[in-house]
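Take a look at the structure below.
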Amino acid sequence: MIKSKIESSIFLIDSSSVDYFLKHITNYKKIITFDYDSHIKLNENKIDHITSDDFITKSEFIQLDKQSLTFSTWYKENELSDCLIYKKINLGQLFYIDFFTYFIPLFKNFFEINKIYLFYKTENFVAPYNLYKILNKFTNNVKLLKKETSEPVNYYLDSLDYKFQINGHSFKLSLTKNKFEKLRNFTDNFLKNLFHKKLNDNQKSHLLIEFDSIKFKNLFNTFPDSCNFISYNRRRPTIWNSESYSIIKNSNSYFFTENELLNNEVKQNILNSEVFINNTLSCMNKHDHIFKNFFSFSEADLWLIIKDSFFDLCKFRFKELIKEIELAEQLFKKIKFSSVLIWSENGTTEQIISHFAKINHISIILLQHGLYYDHHLAKNMNTFQGILPINSDIFAVWGTGMNNFSKNMSLDSKKIQFVGSPRLETIFKINKQKLEQNYILVATQGPTNNSIYDMDVKLIEKYVNTIKEICNITTKLNENLIFKLHPDPHEMDIENIVNSINPSIKVIKSGSIIDLIKNCKIFVTIDISTTILEAQILEKPVISISVKNYQVDDAKSQVFLSNSCIHTDIENFQSHLSKIIHDENFKKILIQNGLNFVDDYLINKKNSSKCLIELLEKL
């Protein structure tokens, strides 16, 4: 590199390159950061810069969001879909969520760099490898920041961070997907030897997919002896602690280990799949022109940029998916099921199991899993996330609220069955008279890596500033405060942010939130969350602070229109909080409004598990 050219160049910086930049670069013309971490580090070092988000307008964010959803359906292209079929299942569709999370940051960078290039067409650039390879498609006036080669892509579903606490200290265990599967198989095989249950071939069998036995404790404890109930978990262990062990052991449920399904036929099919995968990739490669046309945007060729990593992702996923298909097929050969129960349609396991259920004419029941955004603008988002019954035969809803939303979405009313929520059932049985009320509890729900809106640096800053302001306000009011992190393993860890303001504020990173809600005096959540209902059931006043904007008109969601909780921005949070603290009558009215919403939204409050089982027994 020629030094004078470097000094007169525009530097593109991201989290992978910011430390190198701070250590080695002192002269530059302009800096553009491409993520929150690099933006914050330059701010901390008082270095002027602009963010790549500054080149995207609000309308363009909406356009990018819609287009990224379209791009995630690449597997539907006719000639491509013919290449992807394995045992009548489209392999591309099985990992569309994984593809989406891999694709959207790349797509966002691509769009931003295209606009940056058009804005600074005559300039020289310096960039790290992952940004360089995009910018180099537009101009030759770009140099590598440092000598580096392409690093393996870390896909969203390939790692798991398990958070836990011991004696008040937080710990995090990071596992690769491969290590997690080995650990899961070992524990499943070991623990299975401690069980001596046998399936009754003369009884109906019902299959539950990826169910958390602790969250659905009442359901597992209600399983009657008159039917077989089989748990099938591939993304989570069936048993992972003493409580889950106790629930499974004492319930009338059964689970299969991988070894029980991995017979010689399955093993041979998995070995033979190498040939199929190579042929599939070869077939896909022959249709390069289709990919090129499909992955085009703003007259720019996006396909050339993603092609290599895309094929790597496909090759890696195809091998995993074929194994899952073979295991599921073997499961259906072993058991004649009467029903399949799922809580989402988009998961890989759910899609595969639903396929075999369909071809075997077995009813699929989709169980409402949470409190959702329920304005009609949220239909596409909810469909993409698999929470609406597109392929399921029955939608088991919690009550009239979800039924009304389903009607507004023009869903088939014949699919709707009123069941209630087995997940929330246990909360109604808690003795509210014996609860303490000595702190304010905040349930966090930070920006994710599976929404293009959440990748906006301004949005992440807004979230962080919201957390800081909550700390400042509660400290000023002399109130005890606890944060409970969302269970998503990729949730932003705010502990350092909180400690920098008030070290006495607790940040709880693992465990059930119910025990924390029970003893709080006021419950605060970020945006819409099922925890709103949980807190209302426990007769807590609820405040929801608006941070994100997914363009789904969340203010018109039923929970907010009901006035059952306060919906506010951070600027007005203190006034609402103070009113709850100091105005007992206002607090009582808010709690009563919450109870009224619970009554309207939920049916079968204390016997929903029984009602769900009665539905299954009819199938």
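The values are calculated or read from the model by the stated rules, or taken from the named source; none is laboratory data. Remember, predicted model here, so these are calculated numbers, not experimental data. Here Cβ is always computed from backbone atoms with ideal geometry, including for glycine, and neighbour counts include all displayed protein chains. In case anyone asks, the SASA skips ligands and DNA or RNA and just uses the protein heavy atoms, side chains included. Shrake-Rupley method; radii C 1.70, N 1.55, O 1.52, S 1.80 Å.
Segment 20-57: which chymotrypsin sites (Phe, Trp or Tyr not before Pro) are DSSP loop and have at most 10 other beta-carbon atoms within 10 angstrom? List each step's numbers first, then the result.
On the way: sites: Tyr20, Phe21, Tyr28, Phe34, Tyr36, Phe55; in loops: Tyr28, Phe34.
Hits after loop and neighbour filter: nothing returned.
Spacing of the modelled spin labels on Tyr120 and Leu194, each 7 Å from Cα toward Cβ, amounts to 6.0 nm.
Tally up the carbon and sulfur contribution to the accessible surface of the chain as a whole percent, 1.4 Å probe, everything protein left in place. Of the solvent-accessible surface of the chain, carbon and sulfur hold 48 percent. Place a point 7 Å from Cα of Ala555 in the direction of its Cβ. Which residues in segment 516-531 have their backbone N less than 20 Å from it? Of the residues in segment 516-531, 525-529 have backbone N under 20 Å from the label point off Ala555.
Cysteine residues of the chain whose C-beta has no other cysteine C-beta under 4.7 angstrom: Cys227, Cys314, Cys471, Cys520, Cys565, Cys611.
These residues, His196, His206, go from largest to smallest accessible area, 1.4 Å probe, as His196, His206.
Mind checking segment 169-273 for chymotrypsin sites (Phe, Trp or Tyr not before Pro) that DSSP puts in a loop (not H, G, I, E or B) and that have at most 15 other Cβ atoms within 10 Å? Mind showing how you got there, number by number?
Details: sites: Phe171, Phe180, Phe186, Phe190, Phe195, Phe211, Phe216, Phe220, Phe229, Tyr232, Trp240, Tyr245, Tyr254, Phe255, Phe256; in loops: Phe195, Phe211, Phe216, Trp240, Phe256.
Filter output for segment 169-273: Phe195.
Would you mind working out the accessible area per residue for segment 26-120, using a 1.4 Å probe, and quoting it in Å²? Display every interim value, and only then the final one.
On the way: 4150 Å² over 95 residues.
Computed with neighbouring chains in place, this is 44 Å² per residue.
A simple rule links phi to the HN-Hα coupling: the Karplus curve 6.51 cos²θ - 1.76 cosθ + 1.60 with θ = phi - 60°, which for segment 208-222 gives 10, 9, 6, 8, 7, 5, 6, 4, 10, 4, 4, 4, 5, 6, 9 Hz, with x for Gly and Pro.
Over the chain, what is the relative contact order in percent, taking alpha-carbon pairs closer than 8 angstrom and at least six residues apart?
Numbers: 950 pairs, mean separation 76.8, N = 619.
In percent, rounded to a whole number, it is 12.
Taking amide hydrogens as placed 1.01 Å from N in the peptide plane, the amide H of Phe297 sits under 5 Å from those of Leu302, each at least 5 positions away in sequence or on another chain.
For segment 112-118, 3J(HN,Hα) computed residue by residue from phi via the Karplus equation (6.51, -1.76, 1.60; θ = phi - 60°) reads 5, 5, 4, 6, 4, 4, 5 Hz, glycine and proline entered as x. What the phi angles of segment 40-56 give under the Karplus curve with 6.51, -1.76 and 1.60, with θ = phi - 60°, is a coupling list of 5, 5, 5, 4, 4, 9, 6, 9, 5, 6, 10, 9, 4, 4, 5, 8, 10 Hz, glycine and proline written as x.
Taking a spot 7 Å from the Cα of Ser8 along the direction of its beta carbon, which residues of segment 27-53 have an amide N less than 16 Å from it? Only 27-30 fall inside the zone, counting backbone N under 16 Å.
What FRET efficiency comes out for Asn43 versus Ile581 if R0 is 25 angstrom and r is the Cβ-Cβ distance? Round to the nearest 0.05.
Numbers: r = 34 Å, r/R0 = 1.37.
The computed FRET efficiency comes out at 0.15.
With a Förster radius of 45 Å applied to the C-beta separation of Asp515 and Lys333, the computed FRET efficiency comes to 0.60. Close amide H partners of His567, meaning residues 5 or more places away or on another chain with modelled amide H under 5 Å apart, are Ser544.
Let's test the formula: R0 of 51 Å, r as the Cβ-Cβ distance of Lys432 and Glu258. What FRET efficiency results, to the nearest 0.05?
Working: r = 43 Å, r/R0 = 0.85.
Computed FRET efficiency for Lys432 and Glu258 comes out at 0.75.
In a DSSP loop and with at most 12 other Cβ atoms within 10 Å, the trypsin sites (Lys or Arg not before Pro) in segment 52-125 are Lys88, Lys121. Report summary: the helix-based calculation at 222 nm, which adds -39500 (n - 2.57) for every DSSP H run with n ≥ 4 and divides by the residues of the chain, gives -13500 deg cm²/dmol.
Ordering His567, His361, His49, His376 by how much accessible area each has at a 1.4 Å probe, largest first, what is the list? Show your work: numbers first, answer last.
On the way: His567 65, His361 170, His49 40, His376 110 Å².
Accessible-area ranking of His567, His361, His49, His376, largest first: His361, His376, His567, His49.
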